[in-house]
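Read through the structure below, which is laid out as structure tokens, and then see the notes.
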Amino acid sequence: SEVDLMRLLSEIMTDLQGLLKTDQVFDTRLDFGDVVWSDSAILRMILVNLLSNAIKYSGEGTLISINGIRQDNLLVLSIQDQGIGISKEDQKHLFERFFRAQNATNIQGTGLGLHIVRRYLELIGGKITLDSELNQGTTVTIVIPITEPVKTDEDDSAY
Ligand code: ATP
Ligand code: MG
């Protein structure tokens with residue numbers, strides 16, 4: 001499952017269109033050039049979880065900014081929302097299984113998404129950081145090593 005990263009992201013955004021609230025929009029700034037991704041299923045799961053959270057925990061008319069850059073062999077992707085935010089106290093527990101923040105109890109969720117995201121990131125050598133301000137919004141940043149797909153003889157024969 002080897003895909004062009006730009007294409008993967010636009011596919012995911014298309015898949016999630018139906019979850020967006022009125023006048024809620026994605027704003028992308030993707031500056032990583034040509035990157036081909038070999039573990040697309042894992043990266044897709046990570047991004048779907050993080051983007052679903054950004055959508056779910058913010059309201060109508062808000063912007064969800066997706067920024068992507070490449071720093072040498074690292075892909076740095078951040079997802080910023082203008083939603084309900086997470087208190088400093090709750091931020092300590094976000095990656096625990098079934099944890100839900102106090103201000104999210106009236107919004108549907110199982111509290112598994114971020115736990116799973118962290119597990120997936122471990123598998124591909126990535127890291128996640130989160131920065132959030134209650135009632136202001138949340139920024140989640142993931143850093144993942146880019147490993148170029150292994151070229152096979154078959155690939156060469158095409159040239
Ligand atoms: P699901 O398993 O369906 O993803 P969930 O969204 O409740 O359920 P997580 O994605 O693990 O679970 O998130 C854990 C908790 O962290 C959420 O319940 C919510 O309180 C808080 N949270 C996560 N992302 C955000 C965000 N972008 N803005 C505000 N709160 C968030
Ligand atoms: Mg979630």
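Quick notes on this structure:
- The requirement of being hydroxyl-bearing (Ser, Thr, Tyr) and within 14 Å of ligand 2 (Cβ to nearest atom) is not satisfied by THR62.
- Check on SER52, within 16 Å of ligand 1 (Cβ to nearest atom), of a type in the set (Ser, Thr, Tyr) and surrounded by 14 or more Cβ atoms within 10 Å (Cβ to Cβ): yes
- Any hit, the range 58-79, residues being near ligand 1 (Cβ under 10 Å from one of its atoms) and surrounded by fewer than 19 Cβ atoms within 10 Å (Cβ to Cβ): no
- Residue under evaluation ALA101, criteria (1) touching a helix residue (DSSP H, G or I) at 6+ places or on another chain (Cβ under 8 Å); (2) more than 8 Å from ligand 1 (Cβ to nearest atom), criterion not met: (2)
- Helices (runs of 4 or more DSSP H) (entirely within the range 4-122) containing at least 3 residues that are over 23 Å from SER132 (Cα atoms): 5-16, 40-56
- Residues located in the range 68-116, provided they are more than 15 Å from ligand 2 (Cβ to nearest atom) and among the aliphatic types (A, V, I, L, M): ILE69, LEU74, LEU75, VAL76, LEU77
- Any chance LEU121 is within 24 Å of GLN17 (Cα to Cα) and surrounded by 16 or more Cβ atoms within 10 Å (Cβ to Cβ): no
FYI, it's all coordinate maths here, none of it is from the lab. Here the structure is a predicted model, which is why all the values come from computation and not from measurement. Here Cβ is always computed from backbone atoms with ideal geometry, including for glycine, and neighbour counts include all displayed protein chains.
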